Amino acid sequence: MIDRTNVTAPPENVGPATAFVRGKMLAEQAAPSVSRGPVGWMREHLFPSVPQTILTLVCIYVLYLIVPPIANFMVFDAVWSGTDRTACATEAQGGVQPNGWFGACWAYVGAYMNQFIYGRYPDEEQWRVNIVWLMFFGGLIPLLMPSLPFKRENIAFMVLAFPVITLILLTGGNFDVIGTYLPLAILTVLALAVAYGFARGSQSDPMPGLKATAVIFASLFVIVAVLGIDFGLERVRTDVWGGLLVTMVIAVTGIAASLPIGIALALGRRSDMPIVRFICIVFIEFWRGVPLITVLFMSSVMLPLFLPEGVTFDKLLRALIGVALFSSAYMAEVVRGGLQALPKGQYEGAMALGLNWGQMMRMIILPQALKLVIPGIVNTFIGLFKDTTLVLIIGLFDFLGIIRSSTSDATWATPVQSITGLIFASIIYFIFCFGMSRYSMYMEQRLDTSHRS
Amino acid sequence: MSANAVKPDEIHVDRSRMQVSETDVAVEINDMHKWYGEFHVLRDINLKVMRGERIVICGPSGSGKSTLIRCINRLEEHQKGQIVVDGIELTNDLKKIDEVRREVGMVFQHFNLFPHLTILENCTLAPIWVRKMPKKEAEERAMHFLTRVKIPEQAQKYPGQLSGGQQQRVAIARSLCMNPRIMLFDEPTSALDPEMIKEVLDTMVGLAEEGMTMLCVTHEMGFARQVANRVIFMDQGQIVEQNEPDPFFDNPQHERTKEFLSQILH
């Protein structure tokens with residue numbers, strides 16, 4: 001230990017064997033100009049060494065090769081208006097453009113925009129789809145912004161009202177529901193009995209469980225009754241739906257169904273009850289082991305063979321169920337990863353405080369586990385969104401499908417037609433997927449309370 | 001030796017309120033055995049803890065001391081024998097397990113705070129959901145105990161922003177918010193830096209002075225000597241020796257106890 005009080009000035013030279021105590025503290029100094037500002041940034045990131053400088057120059061050259069032709073095709077040489085193929089064809093091809101012209105034909109996209117969005121949904125009924133768009137984005141955007149109030153009401157609207165209203169608006173409602181009342185009533189009695197038996201088995205008060213079950217089934221009855229009401233809307237069969245409408249219906253249903261089913265499957269797979277665990281494992285491994293195309297084929301080609309004569313399922317509905325179950329299996333494994341990443345101490349801490357299993361999962365385990373796997377969840381969502389294009393093979397015209405089919409129209413047939421269509425499809429898919437990706441990153445940062453450095 | 005970082009004379013204890021009840025049994029364990037698969041981890045455990053007792057359990061690692069106290073709130077299941085906590089026998093009955101866990105607080109080596117909740121939320125969660133306490137009352141209660149462990153100003157922070165010692169004090173406050181009648185401590189200071197051990201031990205001494213029934217697995221022998229009224233030494237899943245602290249440390253009887261104490265005290 002050195003006696004600090006005796007030291008007045010620092011020694012001239014500090015050698016290894018010399019005791020040293022700083023006598024005067026240095027004031028803070030500004031960083032040298034070469035390490036500050038844009039110049040400093042470029043020195044540090046673009047030209048820090050000779051190999052890095054070469055790489056930077058090569059990259060600039062590659063960008064020079066790629067970007068101008070793309071910009072020319074998409075913007076500067078593109079055709080923005082026109083009525084038919086002549087606008088987008090060269091003189092040699094029978095159009096008005098000079099020979100050698102090569103640009104995007106946005107006029108064709110504009111002419112087909114209505115079909116790209118609605119498919120063959122009847123023109124005079126498209127206001128119904130527009131209301132659905134409005135409700136969807138109007139309900140979703142405030143839900144995604146954490147600073148806005150009324151989250152509870154917002155969630156209730158999106159989970160309860162939105163699906164029912166959408167179903168009625170898009171199809172026309174007025175379903176034949178008479179036959180569903182009896183099975184639903186039987187199911188209600190069964191569920192009440194199970195809830196009561198479960199409560200008795202664990203010797204807890206049966207009333208809360210019975211009440212919850214009663215409320216759930218009462219709302220189911222209300223929903224069924226509402227679906228049976230004739231609102232005077234014209235019936236629109238799902239085989240005329242198409243374009244972005246079908247893509248969104250499949251993607252949103254898949255996303256909304258896969259997360260809760262996936263969580264339930266993940267919890268089931270980690271359950272102590274062997275039968276529950278077995279069922280969940282079989283379900284997950286089956287759906288993960290089969291290609292989505294096979295699932296869709298089976299649902300549209302083979303399922304009708306097994307059904308009794310006269311019983312038909314809507315093709316879109318079958319695709320919806322297939323996609324939802326398929327993605328829940330993936331989701332289950334993502335969520336399971338999160339559950340396994342949590343330290344055992346979190347479970348023990350919650351149990352030692354007297355929380356029961358449901359409270360522990362809802363308030364301690366799942367919030368942390370889901371936060372951990374946000375990248376994986378959004379990965380699955382994005383994969384699902386893009387996989388909706390596969391419904392093309394069972395004859396549903398989703399967004400990509402309708403763009404592909406529009407290229408067979410002779411009115412706009414030019415060499416640039418299908419390139420333009422595919423670029424347009426890429427841009428729209430990219431906007432949705434990139435949006436999901438950015439939002440997930442925002443959410444990850446917002447929810448991060450770990451304060452790790 | 002870090003296991004004895006706090007010297008006995010650094011712990012000041014007021015023994016006037018540490019009354020041990022003559023008749024009121026807090027925990028009773030009879031002929032209890034536990035196996036992990038084929039491994040016989042606890043053998044023939046017999047232990048009777050009266051209300052107000054402060055018991056320190058020590059022993060080499062792997063001796064089963066943590067497993068023993070984790071059996072008391074059923075974080076571990078025993079296969080044979082009887083455990084009665086606060087008059088409730090622990091069986092497979094989930095309802096009774098929940099009842100016991102409501103009455104028994106536990107503090108862990110690694111704190112096990114919930115990192116996604118603030119300090120205040122950590123403390124109010126169980127009272128609100130398990131005890132069905134109104135939120136406002138639960139928050140007042142939480143602030144009361146956070147003040148007692150001397151960190152009320154940290155209430156709105158997250159566990160990750162606190163030091164280890166502060167986190168452990170929050171964990172103690174979190175347990176106290178449930179108004180437990182028995183507290184279990186599973187090596188509460190083993191994961192802490194030496195300078196933080198004392199602040200946690202001081203909190204535990206405060207609890208003991210208020211007459212809390214405590215079972216502590218710890219290597220803090222200074223704490224054991226000053227606060228405990230009984231020290232239990234375990235080895236190979238068995239209780240090898242138990243005695244009052246002074247005779248236990250000054251005149252251990254069993255060979256294994258002597259060997260253990262000579263290693264840990266020097």
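In the context of the full set of protein chains, the range B:128-186 has a per residue accessible area of 44 Å² (1.4 Å probe).
For chain A, leaving out every one of the trypsin sites (Lys or Arg not before Pro) that falls in a DSSP loop and has at most 16 other Cβ atoms within 10 Å, the longest unbroken run is A:271-451. Of all DSSP bridge pairs formed entirely within the protein assembly as shown, close to 50 percent run antiparallel. Based on protein heavy atoms only, chain A ends up with 59 Å² per residue of surface accessible to a 1.4 Å probe. Remark: mean inter-chain Cβ contacts per residue of A:361-370 equal 2, using a 10 Å Cβ-Cβ cutoff to other protein chain atoms.
Along the axis of the charge dipole computed for the protein assembly as shown (Cβ charges of +1 for Lys and Arg, -1 for Asp and Glu, origin at the Cα centre), the listed residues B:ASN112, A:VAL276, A:CYS105 are led at the positive end by A:CYS105.
The charge dipole of the range A:214-328, taken about its Cα centre with unit charges on the Cβ atoms of Lys, Arg (+1), Asp and Glu (-1) only, comes to about 340 debye. Excluding ligands, DNA and RNA and using a 1.4 Å probe, chains A and B jointly bury around 2200 Å² of accessible surface, summed across both partners. In percent, rounded to a whole number, the relative contact order of chain A is 16, using alpha-carbon pairs under 8 Å and six or more apart. Its convex hull of Cα atoms gives the range B:90-186 a direction-averaged projected area, equal to a quarter of the hull surface, of 6.3 nm². The string of couplings for the range B:50-55 from the Karplus curve (6.51, -1.76, 1.60, θ = phi - 60°) is 7, 4, x, 6, 10, 10 Hz, one whole number per residue in order, with x for Gly and Pro. Comparing the full protein assembly with the isolated chain, the residues of the range A:315-355 losing at least 20 square angstrom of accessible surface (1.4 Å probe) are A:GLY345, A:GLN346, A:GLU348, A:GLY349, A:MET351, A:ALA352, A:LEU353, A:GLY354, A:LEU355.
Between the amide H of A:ASP398 and those of A:GLY243, A:LEU392, distances stay under 5 Å, these residues lying 5 or more places away or on another chain, with hydrogens modeled in the peptide plane.
Restricting the range A:105-195 to chymotrypsin sites (Phe, Trp or Tyr not before Pro) that sit in a DSSP loop and have at most 15 other Cβ atoms within 10 Å of their own Cβ leaves A:PHE150. Dipole magnitude for the range B:83-219: computed about the Cα centre from +1 point charges on Lys and Arg Cβ and -1 point charges on Asp and Glu Cβ, it is near 440 debye.
Please identify, among B:ALA224, B:ALA155, B:ALA171, the residue showing maximal mean-square fluctuation in a Gaussian network model of chain B using a 10 angstrom Cα cutoff. Largest GNM mean-square fluctuation: B:ALA155. Couplings 3J(HN,Hα) of the range B:75-85, computed from phi: 6, 10, 9, 9, 9, 8, x, 9, 10, 10, 10 Hz, in residue order, whole Hz [Karplus 6.51 cos²θ - 1.76 cosθ + 1.60, θ = phi - 60°; x for Gly and Pro]. Starting from the Kirkwood radius over alpha-carbon pairs of the range A:300-341, derive D by Stokes-Einstein at 10 °C in a medium of 1.306 mPa s and give it in µm² s⁻¹. Answer from the Stokes-Einstein relation: 129 µm²/s. Here chain A is assigned +1 on the Cβ of each Lys and Arg and -1 on the Cβ of each Asp and Glu. Its dipole about the Cα centre then comes out at about 1360 debye.
Assuming R0 = 51 Å, can you tell me the calculated FRET efficiency for the pair B:THR23 and A:SER271, based on Cβ-Cβ distance, to the nearest 0.05? That pair, B:THR23 with A:SER271, gives E of 0.70. Applying a 4.7 Å Cβ-Cβ cutoff to chain A leaves A:CYS59, A:CYS280, A:CYS433 as cysteine residues with no disulfide-compatible partner.
Can you name the helices of chain A, as whole DSSP H runs, whose Cα span along the helix axis is 15 Å or more and whose Kyte-Doolittle mean is not below -1.0? Going by DSSP H runs, the hits are A:50-71, A:106-118, A:126-144, A:178-201, A:206-228, A:243-269, A:274-289, A:315-341, A:374-387, A:417-447.
Contact-buried residues of the range B:73-108, at a threshold of 50 Å² lost accessible area versus the chain by itself: B:LYS95, B:ARG101 (1.4 Å probe; DNA, RNA and ligands ignored). Set the Förster distance to 45 Å, then compute FRET efficiency between A:ILE427 and A:GLU309 from the Cβ-Cβ distance, nearest 0.05. The pair A:ILE427/A:GLU309 has a calculated efficiency of 0.45. Take every pair of alpha-carbon atoms less than 8 Å apart whose residues are at least six positions apart; their mean separation over the length of the range A:159-274 yields a relative contact order of 37 percent.
On full extension, the segment bounded by A:ALA31 and A:ALA341 gains 107.3 nm, given 0.36 nm per residue less the C-alpha separation.
How are the Cα pair distances of the protein assembly as shown distributed, in percent, across 10 Å bins from 0? With a bin width of 10 Å, the distribution comes to 2, 10, 16, 17, 15, 14, 12, 8, 4, 1, 0, 0. What a 1.4 Å probe finds exposed on the protein assembly as shown is 62% carbon and sulfur by accessible area, rounded to a whole percent. The relative contact order of the range B:154-236 comes to 33 percent, based on Cα pairs under 8 Å that sit 6 or more residues apart.
Sorted from longest to shortest, the spans of the Cα atoms of the range A:273-397 along the three principal axes equal 57, 30, 21 Å.
The values are calculated or read from the model by the stated rules, or taken from the named source; none is laboratory data. Computed from a predicted model, the values in this text were never measured in an experiment. Please note: Cβ atoms are built from the backbone with ideal geometry, for glycine as well, and neighbour counts cover all protein chains shown. For the accessible areas, the whole protein counts, side chains as well, though only heavy atoms, and no ligand, DNA or RNA atoms are used. Shrake-Rupley method; radii C 1.70, N 1.55, O 1.52, S 1.80 Å.
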